[in-house]
Amino acid sequence: MTKLPPYLRPGDTIGIVCPAGYMPLEKAQTCIQTLQEWGYRVRIGNTLGGDSPNYFSGTDEQRLADLQTMLDAEDVQAILCGRGGYGLTRIIDRIDFSTFKKQPKWIIGYSDITVLHAHIHKNYKTATLHSPMASAFNDEGYRSEYVESLWQALEGKKARYECPVHPYDKKGTAIGELVGGNLSLLAHMIGTDSDMKTKGKILFLEDVGEYLYNIDRMFYQLKRSGKLDKLAGLIIGGFTDTKDTTRPYGSGAYEIIRDVVQEYDYPVCFGFPVSHEKENYALKVGVGHKLKVGKHKVTLEE
Amino acid sequence: MNRKYFLSSILGIGTTVSTLGVSRRKALPELSGASSELPLITPAYLQAGDTIGITCPAGAITLKEIEPAMQLIQSWGFRIKVGETVGKKDFTFGGTDAERAADMQQMMDDPSLKAILCARGGYGSVHIIDRLDLAGLTRHPKWVIGFSDITVILCHLHRNLNMAAIHSKMCNSFPDDWSKAEPIQAESILSIRQALAGEKMQYSIPRDDKNRTGIGEGPLVGGNLKTIETLSGTRSDIDTTGKILFVEDTGEYLYSIDRMFWNLERTGKLSGLKGLVVGGFKTKPDDPGDDFGRTLYDIVLDRVKGYTYPVCFGFPVGHQKNNFALKNGMSHRLTVDGQKATLEEIM
């Protein structure tokens, strides 16, 4: 059974860190205000803003130390990653999860944060939150149902999401633990200590800015490493801003995925609102869900 | 960067079978046998009059585009058999998956062929690799030749058969007019002939200040780094323990190359090496405001700092004119000293 960190109560503290790419503090202002309006305190980590001159929000040591501090702090009840980018792979094996194991807390984010979701699911069987991050609150985003779904998740409300059907859907009902995240990261972790098992689970996947041939190649890697054949169900989110080669690949991302999963008989839905766009519901990784892919709608409920 | 290479070769002997190395890694999934526990299969070297098949397991190419390669190879005294997939096109692919698999299968099974030259890379080998029955190739070992996407096949043969193969340029890199080929391009292509003829490969390159000196011996394995990463966890994943690893890539961001070296590290592919050969890495410039702040040197040296084996940079292998033939799976010695780095086939 997956361990559930305690849900948040008014007055609890959410720490914000950037374990990967750099984010200026002002881009997180709306997020900070909103979290406060939701009734939480906010602790700003050293890696949000700061004076890093390059891609990363700080050196490996600084990013590791900031995340470690938040993981170990008794008065921090959840950790929201300000943004993704790239960088968790470089520190994941150095994070000390011993306090987290005893006192789990919600870890929130997506994209590069998939490394934390997968690593924690694999090694500590503790639920995490795949959800919008700080910049999703900007430009009125804080009013959206997607950002609000993060609040509901933190409050302990059970998730129930619906989305329209897609012509490539494979109908059916699946029950299992929900796992997944960013396809590139999940493929990248195959064979490492952060490689999550998918047997009997509902897998969700999304990606952004990838070449079509590379999406195909990653799906072949999932398939050939046995990640797809024993799923309970599969949720395909947004595959946005895809790129093509000079010689056109000849099919789109969803066609590629449809072809790869053709041989399986579990339910599959396409176009679920989990993505690098604003359509990005908070999903509890490691928690039991029911996926129903029907004739008229798709539902995912905890 | 204008580096000068010198290339020498010693005439080798014919087919050899030997056992090499011991596997220490247990993480690999269900397999028919880890490469290093299998005896090395060295296909017979080619003689004048032998036939080389040309096929397209990945991207599409036309007959006209492979003509310069055919002419040159014929001038070396070999015959050519053109596969069914040459001239076929399914968008980017050289025919449908079924067509490409059938063509490769037919060539692997054909006892009259002594080598299979992949016409070009691109993308697509992973679609057909699990459809291939390797029994015919085991009965009639032959040199499979290619790089880039063909890394899938090279790794698969190494992992499942421990069969040597040639990592080299393919048909699409042969110049239209041989007489006008740049010397470095001509030398690269001629190294394929030397490899096929059984000459022992030996390459030396000038020192690079960032090299790490030392000597290491072991089977040479490697290829395109991104491709190696995407084989992790599959039946084509390679065990690098006790081996010399060479890697190259093109068109990737520095952050992505960093992530790939972390993948090598985290999948246990760096810890047991005897040597690391870093080939060409053409990087995509960082997006504005996203300066990665580290060079390829930084990325590699940071990942290997916990180990002591030799490391050399700028080896002439990759998506570039100077891309010399390497015998994947065969025993090599890497010697890196203050003057130069030498990679030579041994035994």
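We did not get these values from a lab; they are worked out from the coordinates using the rules stated. On a predicted model such as this, the values are computed, not experimentally measured, just so you know. Please note: Cβ atoms are built from the backbone with ideal geometry, for glycine as well, and neighbour counts cover all protein chains shown.
Please name all residue pairs, on different chains or six or more residues apart, with Cβ atoms under 9 Å, provided the first residue is in the stretch B:63-81 and is on the phi > 0 side of the Ramachandran plot and the second residue is surrounded by fewer than 16 Cβ atoms within 10 Å (Cβ to Cβ).
That search, which allows pairs on different chains as well, returns B:G77/B:Q47; B:G77/B:A48; B:G77/B:G49.
Within the stretch A:184-198, which residues are of a type in the set (G, A, S) and at the interface with chain B (Cβ under 7 Å from one of its Cβ atoms)?
A:A187, A:G191
Need a quick list: strands (runs of 3 or more DSSP E) entirely within the stretch B:203-297 having at least 1 residues that are at the interface with chain A (Cβ under 10 Å from one of its Cβ atoms) and surrounded by fewer than 24 Cβ atoms within 10 Å (Cβ to Cβ).
So the answer is B:244-253.
Is at least one residue of the stretch B:308-330 touching a Ser or Thr at 6+ places or on another chain (Cβ under 7 Å), in a loop (DSSP other than H, G, I, E, B) and without any contact (Cβ under 8 Å) to a residue 40 or more places away in the chain?
No - not one qualifying residue is present in the stretch B:308-330.
Confirm whether A:L178 is crowded, with 17+ Cβ neighbours inside 10 Å, closer than 17 Å to A:L231 by Cβ and either away from chain B (no Cβ under 14 Å) or more than 14 Å from the chain's Cα centre (by Cα) (or both).
yes
Looking at the stretch B:96-153, which of its residues are surrounded by fewer than 20 Cβ atoms within 10 Å (Cβ to Cβ), of a type in the set (S, T, Y) and within 14 Å of chain A (Cβ to nearest Cβ)?
B:T96
Looking at A:S111 and the list (1) within 14 Å of chain B (Cβ to nearest Cβ); (2) over 30 Å from A:Q33 (Cβ atoms); (3) not aliphatic (A, V, I, L, M), which single condition is not satisfied?
(2)
Could you look through the stretch B:69-87, keep only residues that are of a type in the set (A, V, I, L, M) and in contact with a strand residue (DSSP E or B) (Cβ under 9 Å, 6 or more places away or on another chain), and pick out the one that is nearest to the other protein chains (Cβ to nearest Cβ)? Before the answer, list the steps.
We begin by selecting, within the stretch B:69-87, every residue of a type in the set (A, V, I, L, M); these are B:69-70, B:72-73, B:80, B:82, B:86.
Now narrow it down to the ones that are in contact with a strand residue (DSSP E or B) (Cβ under 9 Å, 6 or more places away or on another chain): B:69-70, B:73, B:80, B:82, B:86.
Numbers: B:A69: 19, B:M70: 22, B:I73: 25, B:I80: 25, B:V82: 21, B:V86: 16 Å.
Filtering first and then ranking leaves B:V86.
Out of the residues in the stretch A:221-269 meeting the condition of being of a type in the set (A, V, I, L, M, F, W, C) and assigned to a loop (DSSP other than H, G, I, E, B), tell me which one is nearest to B:K226 (Cα to Cα).
A:L228
In the stretch A:214-252, what residues are more than 22 Å from B:G121 (Cβ to Cβ), within 21 Å of the chain's Cα centre (by Cα) and more than 11 Å from every other protein chain (Cβ to nearest Cβ)?
Across the stretch A:214-252, the qualifying residues are A:L228, A:L231, A:A232, A:G233, A:L234, A:I235, A:I236, A:G237, A:G238, A:F239, A:T240, A:D241.
Please state which one of A:Q68, A:Q29 is buried (at least 18 other Cβ atoms within 10 Å of the Cβ), among the polar types (S, T, N, Q) and more than 14 Å from chain B (Cβ to nearest Cβ).
On inspection, the qualifying residue turns out to be A:Q68.
Does B:D90 satisfy being closer than 28 Å to B:E37 by Cα, surrounded by fewer than 18 Cβ atoms within 10 Å (Cβ to Cβ) and within 14 Å of another protein chain (Cβ to nearest Cβ)?
So B:D90 does not fit the description; no.
Just a yes or no: is a residue in the stretch A:49-61 touching a Ser or Thr at 6+ places or on another chain (Cβ under 6 Å), small (G, A, S), crowded, with 21+ Cβ neighbours inside 10 Å and assigned to a loop (DSSP other than H, G, I, E, B)?
Yes: the stretch A:49-61 contains one or more residues that are touching a Ser or Thr at 6+ places or on another chain (Cβ under 6 Å), small (G, A, S), crowded, with 21+ Cβ neighbours inside 10 Å and assigned to a loop (DSSP other than H, G, I, E, B).
Can you tell me which residue within the stretch A:270-295, out of those that are among the aromatic types (F, W, Y) and assigned to a loop (DSSP other than H, G, I, E, B), is surrounded by the most Cβ atoms within 10 Å (Cβ to Cβ)?
Looking at the filtered set, the residue picked out is A:F272.
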